[in-house]
1. How long are the semi-axes of the equivalent ellipsoid of the stretch 148-283, taking √(5λ) for every eigenvalue λ of the Cα gyration tensor, in whole Å from largest down?
2. Around Leu556, what is the net charge, scoring Lys/Arg as +1 and Asp/Glu as -1 over all other residues with Cβ under 10 Å from its Cβ?
3. At 4 °C and 1.567 mPa s, what whole-number value in µm²/s does Stokes-Einstein give for the translational diffusion of the stretch 6-104, with Rh from the Kirkwood sum over Cα pairs?
4. For the chain, count all C-alpha to C-alpha pairs, find those more than 41 Å apart, and express that count as a whole percent of the total.
5. Do any chymotrypsin sites (Phe, Trp or Tyr not before Pro) in the stretch 166-226 lie in a DSSP loop with no more than 14 other beta carbon atoms within 10 Å, and if so, which?
6. Per q in 0.13 Å⁻¹, report the Debye log10 I(q)/I(0) for the stretch 441-555, using one uniform scatterer on each alpha carbon and no solvent.
7. Helix 505-524 against the longest principal axis of the chain: what's the angle in degrees, Cα atoms only, rounded to the nearest 10?
8. Residue by residue through the stretch 23-34, what is 3J(HN,Hα) from phi via Karplus (6.51 cos²θ - 1.76 cosθ + 1.60, θ = phi - 60°)? Round to whole Hz and write x for glycine and proline.
Amino acid sequence: MLNKNVSEKLVEALTKACKQYFQEHLPDAVFPKDAEISIQMTRDPGHGDLTSNAAMRLASLAKRSPKVVGEGVVTLLEDQIERSGLSGLIKSAELKGGFINFRLSGAYFRTVLENIHAQKDSFGRSEERRKRKINLEFVSANPTGPLTIAHGRQAAIGDALARILRFSGDNVTCEYYLNDVGRQIKLLGDSVEVRYRDLFDKNDPMPEDGYMGEYIIDIAREIKEKSGDKFLAGSDKVTAFFRNYAVDYMMKLINKDLSDFGVVFDTWTSQGAIEEKKEVEEALEFLQSGGYIYDSEGAKWFASTRFGDDKDRVVVKSDGSYTYLAPDIAYHLDKYRREYTHLIDLLGPDHHGYIRRMKAAVRALGHDAKSLDILIVQLVTLMRGGESVSMSTRKGEFVSLREILDEIGKDVARFYFLSRRLDSHLDFDIDLAKKESADNPVFYIQYAHARICSIKKFSRKNSFRLFFGRTNLELLTAKEEKHLMRKLSEFPFAVKASAEALEPNRLVAYLNELARSFHSFYTECRVVSDDKALSKARLFLVECTKIVLANGLGLLNITLPEKM
C-alpha cells in the first residue's frame, strides 16, 4: 500500500517529467518554481481516468505548442512512473488535444480502497499542506434583529468552507465582525425605548426607519419585567442603556441560533472597540503618510482610483464622522497585524461595489490584493406552496433562521444552503425540504449511510466475520462495483476543488453522485451471499463507502444517521 495518495505520487512523477523536459530540450528556459502541476478526474471516462493541462500551462513559457511539449513530457513519463512505483497502477499516458490523459488499472482503484480503509477519517486530506493562516469572516449580521434565512446561508457556507480549508491543511480562524455602533444601532435602541414607553401608555411615535418587529416588543417587555418604570425619564444615559441592552439581547439570540446550527466562531471583533482604540485614526494616518488621503469639499478622501477603483471614496465626512469604509479599512489592517496571510470575507449581494474599494485599500496598506478574497453570497427566496415569501427586517417581515431550524432541522437546512454556488440565487422550497424521499438530496445521501449500517448489522447478525487482510479485491469486477470504486477515488479531488475554488457546493455535488453510485451498486450487487470471498470484497467496498460518506458529510457538518 502506498503511503501517499496515489494521485499525489502521480503529480510528483508528472512534475519531474516536466522538469526533465525543460532540462533536456530547453536549456535556456527556467522551469518555474511556482508551477502548479495538477491532475483531475476526467468528466468522460472515454478520455481516460485522470487528466492534466500541464502541457498547455507550460507551452507559452517553452515557446512551443502544447502538442510538442505534451509529446515530450509523455515520452519521459514512463520512466518517472516506473521510478515512483506506479507502473502497475497507470496503464497508459497519452496526449489528446493538449491534455495529458491517464488510464488507470484495476490495481489503482484497489489501492485507493486500501488507502481509504487505512487512512479512515484522514482520507482525502492533501499532503501539499499549504499551511496558510486564514481569517474567514462571515455572517457578521448587525445585531438589529434575529438571524434571517439569508444569514443562515452565509453561516452554513462559512462553516463548511472553514472545515474544508482546515482539512486541506490551512490554519483557519472563523471571525464575526460585530457592527455595534452607528445609525442602525441607535435606531435599534430608540425603537426599543419607544416600545418600552408604549407599555406605560406613552404612545410616542416610532423613529423614522425604526425597527417594527415583534422582537422589539419582547426586549421592551423584558426590561419592564426587570426594572419596572425606572427608565421612563429620558436622558442620554437612558438612551445609551436601551441601545446597549438591545445589542446584548440580540447577540444572545444570535449566539443561540448559531450554536444550534452547529456554527462556532473563534473570534468576535467589535467595531466599537476598534474605534475606541483609535485604530481607525491610525489606519487613516498610515494611508495619509503614503499619500493616499487628500482633502476636498471639506471631507477626507481615499485615492482608491490609484489602485483600480472606479472613483475615489470619502472616508471622513465634512461633519467629522467616518463613512463605513474607514472602520472597515482599520479592521482589515488589524487582521494583517494579527499576522493572517490570507483574508476571506463573505458578504451579502449589496456589497459588489465593496470589492474593488477594499482591494484598493489592501494594496494601499502594503499587501497583495490577492491576499483578500471577498465572496458575495446571494440571497435566499423561501418558497411555500409554490409561492415566494416576502421579507423585510426593518418592517419585521422576515423568516428567521430559528423558524427554519424548528421546522426542518439543522441537517436539511445546511444541505439546502450549501447545494448551490454561493453567487447563485437560492430558491429554498420548504415543502420539498420536509419530504423524506429520493427527491430530497440530503435524505438520499444520509440513507446511503444508514443503509450501509444496516448491511453491516446484517452481516454481524449472520455470524459473518471479516478479515480484511485476506480480502481479495480482484473479485470486484461488476460494472457497478467499478463505478463505485472510481467514484470513491474522486473524493480527494472533490475536496481539493472545493478548497481551491472556495465553493462547498462542489463537495455537495460529489456526495450526491457518490450516493447515487452506491444505491445503484446495492440494487444490482447482493453484498452478503453464499460466496464468502465475494461477500468479503463487497463488504470491504461498502466499508470504504461509509468512510468517504462520513468524511464528506463531516466537512459539511451534517449528521450521519445509522437508521432512517
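1. Three semi-axes, in Å: 34, 19, 12.
2. Net charge around Leu556: 0.
3. Using the Kirkwood radius from Cα pairs, D works out to 98 µm²/s.
4. In whole percent, the share of Cα-Cα pairs in the chain beyond 41 Å is 38.
5. Listed in order of number, the matching sites are Phe200.
6. Debye output, listed in q order: -0.50.
7. Approximately 40 degrees, to the nearest ten.
8. Residue by residue, the stretch 23-34 yields 5, 8, 10, 9, x, 8, 9, 9, 5, x, 5, 9 Hz.
Every number in this text was worked out from the coordinates using simple rules, so none of it is lab data. None of the values given here were measured: they were computed from a predicted structure. Cβ coordinates were reconstructed from backbone atoms using ideal geometry, including for glycine residues, and neighbour counts include every protein chain displayed.
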